[in-house]
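One structure below.
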């Protein structure tokens, strides 16, 4: 719900530098290979070692040499170099177009698969030759709905033959030395028997303020909220470093899962929305942290998965909070995320009220997120210890936790709570009951675990501080090592148990709803 350019940011995202180029765009002349014709010659890097994509193994993949070269260390001004792709995800072997604007005469591209890699967290999979640079047109903003797009021409086409499935960051480096990332997922073609890692790409886009507008705000001033985007487009770069919310909210849990050597599959919000059959036979769905914006298709797919025995873990808070729709752009399907926030503004309220975009819990068709999560979002701006309530639970095995054990810094930024209400799945087990204070009001953050007749287990951490803590390299605040070790071990227990199949059979929830469920604390929900 709040803006999270870094995990602890609380305010509405700062509007980035808005492109105001004075030169007309010059179409790049790029051959089909995508290497381009450069004003200076750069040798193409020899292909890094790789395993066959036909027998993909996370363990074998992560045994290959890693590197930290994926990191952006010299971004420069926002317009120094930035880019986007025409696909949010591709399958291995499927090409995609890359759109780049840069003030430099040329640039290069490297593709890094992200994972554990002995702590390096990335592996170089592909490098381009030098590509001719150009300044592309400024942002185009659609009046009324304030949707910003980058009306650019493609700079190159990139083939992905031999790229293993997984989460990738492209690194753009200009001749001047400025850098930006561009995310893309090489999605899995099957999830059967696998732990499925879901990139929250719809949420990344909602918070993306490139071009001066996102779902929360327009340019600074008295009309900032009025000029928020009602629709946001994937046809533009991400602001700041270019990676969306991937680095802060997802990479730490990806590293944790790949370090375990689980059988993994990789998808995005788009596949959860429009490819429900892809999830047939999966062992678990992992939502790594902040997955706030959900379409009906996403929710239907996840609900069906749970009801067929597929486990789910939500390692964050403020999940499934906003109802959205996907729409097409000129570049393809599902390139636009629609969220008016106020259903009275949404034209869909007149033709199909169930698809009007607002909080899931509100009319015209209230479906509280607790139906799926067990918990509901309550508020933001907190930092508090995580307090264990049921130390005998299997999730705490090997942690040394006791009832009342406290882990400082683990409840942070935004939190969820076990609310009273008939929509809460039962049996549900509160695993933590952490007091939080906001001004003169007091409430609690809860992590929960519930099981279903299908055998599925569903875990919700109830705090947005969880995922950055597991590696302790993404939190922008100090977290004690005791909290890091605790969060990491609990995450490993859940990931491992959920990979084994329907968790409810071996680990049925022990209901304590009557002890820990509480009504809302009466906060006034922000925009």
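I'd like the full set of residues that are part of a loop (DSSP other than H, G, I, E, B), in contact with a strand residue (DSSP E or B) (Cβ under 7 Å, 6 or more places away or on another chain) and within 21 Å of residue 320 (Cα to Cα), limited to region 395-425.
The answer is 418, 420, 425.
Buried (at least 19 other Cβ atoms within 10 Å of the Cβ) and within 19 Å of residue 523 (Cβ to Cβ) - does that describe any residue in region 472-485?
No, there is no match, as no residue in region 472-485 is buried (at least 19 other Cβ atoms within 10 Å of the Cβ) and within 19 Å of residue 523 (Cβ to Cβ).
Considering region 361-377 alone, what residues qualify as being assigned to a loop (DSSP other than H, G, I, E, B) and either in contact with a helix residue (DSSP H, G or I) (Cβ under 6 Å, 6 or more places away or on another chain) or crowded, with 23+ Cβ neighbours inside 10 Å (or both)?
Residues satisfying the conditions are 364, 365, 369, 374, 375.
Taking the stated definitions as given, is residue 84 closer than 30 Å to residue 228 by Cα, modelled with pLDDT of 95 or more and within 23 Å of the chain's Cα centre (by Cα)?
yes
Restricting attention to region 443-461, does a residue exist that is assigned to a helix (DSSP H, G or I) and under 22 Å from residue 372 (Cβ atoms)?
Checked against the condition, which is being assigned to a helix (DSSP H, G or I) and under 22 Å from residue 372 (Cβ atoms), region 443-461 yields no hits at all.
Taking region 359-386 as the region of interest, how many residues are at pLDDT 95 or above and on the phi > 0 side of the Ramachandran plot?
1
Mind listing just one residue for me: the one in region 462-474 that is touching a strand residue (DSSP E or B) at 6+ places or on another chain (Cβ under 7 Å) and not in a helix (DSSP H, G or I) and, of those, nearest to residue 119 (Cα to Cα)?
465
When you go through (1) surrounded by fewer than 19 Cβ atoms within 10 Å (Cβ to Cβ); (2) in contact with a strand residue (DSSP E or B) (Cβ under 9 Å, 6 or more places away or on another chain); (3) within 19 Å of residue 145 (Cα to Cα) one by one for residue 345, which number turns out not to apply?
So the condition that residue 345 fails would be (2).
Just one of 380, 331 is more than 21 Å from residue 288 (Cα to Cα), more than 17 Å from the chain's Cα centre (by Cα) and surrounded by 15 or more Cβ atoms within 10 Å (Cβ to Cβ); which is it?
After ruling out the rest, the residue left standing is 331.
Within region 101-116, how many residues turn out to be assigned to a loop (DSSP other than H, G, I, E, B) and over 23 Å from the mean Cα position of the chain (by Cα)? Even if it seems obvious, please write down each step before you answer.
Restricting attention to region 101-116, the residues satisfying the condition of being assigned to a loop (DSSP other than H, G, I, E, B) are 103-105, 115-116.
Subsequent filtering for residues that are over 23 Å from the mean Cα position of the chain (by Cα) retains 103-105.
Selection size over region 101-116: 3.
Among the listed residues 271, 277, identify the single one that is touching a helix residue (DSSP H, G or I) at 6+ places or on another chain (Cβ under 9 Å) and either part of a helix (DSSP H, G or I) or crowded, with 24+ Cβ neighbours inside 10 Å (or both).
271
Among the residues of region 81-103, write down those that are surrounded by 20 or more Cβ atoms within 10 Å (Cβ to Cβ) and under 20 Å from residue 174 (Cβ atoms).
Once the filter is applied, which keeps residues that are surrounded by 20 or more Cβ atoms within 10 Å (Cβ to Cβ) and under 20 Å from residue 174 (Cβ atoms), region 81-103 yields 81, 82, 83, 84, 85, 98, 99, 100, 101, 102.
Within region 438-470, track down each residue that is at pLDDT below 95, on the phi < 0 side of the Ramachandran plot and surrounded by fewer than 22 Cβ atoms within 10 Å (Cβ to Cβ).
438, 440, 441, 442 - these are the residues of region 438-470 that are at pLDDT below 95, on the phi < 0 side of the Ramachandran plot and surrounded by fewer than 22 Cβ atoms within 10 Å (Cβ to Cβ).
For residue 143, only one of the following conditions fails: (1) surrounded by fewer than 23 Cβ atoms within 10 Å (Cβ to Cβ); (2) in contact (Cβ under 8 Å) with a residue 60 or more places away in the chain. What is its number?
Evaluating residue 143 over (1) surrounded by fewer than 23 Cβ atoms within 10 Å (Cβ to Cβ); (2) in contact (Cβ under 8 Å) with a residue 60 or more places away in the chain leaves (2) as the failure.
Every residue, every condition in (1) in contact (Cβ under 8 Å) with a residue 24 or more places away in the chain; (2) in a strand (DSSP E or B); (3) surrounded by fewer than 24 Cβ atoms within 10 Å (Cβ to Cβ), yes or no:
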| site | (1), (2), (3) |
| --- | --- |
| 191 | yes, no, no |
| 197 | yes, yes, no |
| 206 | yes, no, yes |
| 211 | yes, no, no |
| 217 | yes, no, no |
| 221 | no, no, yes |
| 226 | no, no, yes |
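Return the pair list, or none, for Cβ contacts closer than 9 Å from residues in region 169-184 that are assigned by TED's automatic domain parsing to the domain that holds residue 86 and without any contact (Cβ under 8 Å) to a residue 12 or more places away in the chain to residues that are crowded, with 22+ Cβ neighbours inside 10 Å and part of a loop (DSSP other than H, G, I, E, B), at least 6 apart or on different chains.
Hits for this filter: zero, empty list.
Would you say residue 281 is within 24 Å of residue 122 (Cα to Cα), more than 12 Å from the chain's Cα centre (by Cα) and in contact (Cβ under 8 Å) with a residue 12 or more places away in the chain?
no
For region 159-170, name all the residues that are in a strand (DSSP E or B) and on the phi > 0 side of the Ramachandran plot.
Result: 166, single match.
Output yes when any residue across region 467-475 is in the same structural domain as residue 394 (by TED's automatic domain parsing), over 23 Å from residue 456 (Cβ atoms) and over 21 Å from the mean Cα position of the chain (by Cα), and no when none is.
Checking region 467-475: not a single residue is in the same structural domain as residue 394 (by TED's automatic domain parsing), over 23 Å from residue 456 (Cβ atoms) and over 21 Å from the mean Cα position of the chain (by Cα).
For region 212-247, give me the residue count where each residue is at pLDDT 95 or above and either within 21 Å of residue 112 (Cα to Cα) or not assigned by TED's automatic domain parsing to the domain that holds residue 187 (or both).
As a first pass, look at region 212-247 and keep what is at pLDDT 95 or above: 212-239, 241-247.
From the residues that got through so far, the ones that are either within 21 Å of residue 112 (Cα to Cα) or not assigned by TED's automatic domain parsing to the domain that holds residue 187 (or both) too are 234, 236-239, 241-247.
Of the residues in that region, 12 qualify.
The values are calculated or read from the model by the stated rules, or taken from the named source; none is laboratory data. What you see is a predicted model; the values in this text were computed from it and never measured. All Cβ positions, even for glycine, are placed from backbone atoms using ideal geometry, and neighbour counts span all protein chains on display.
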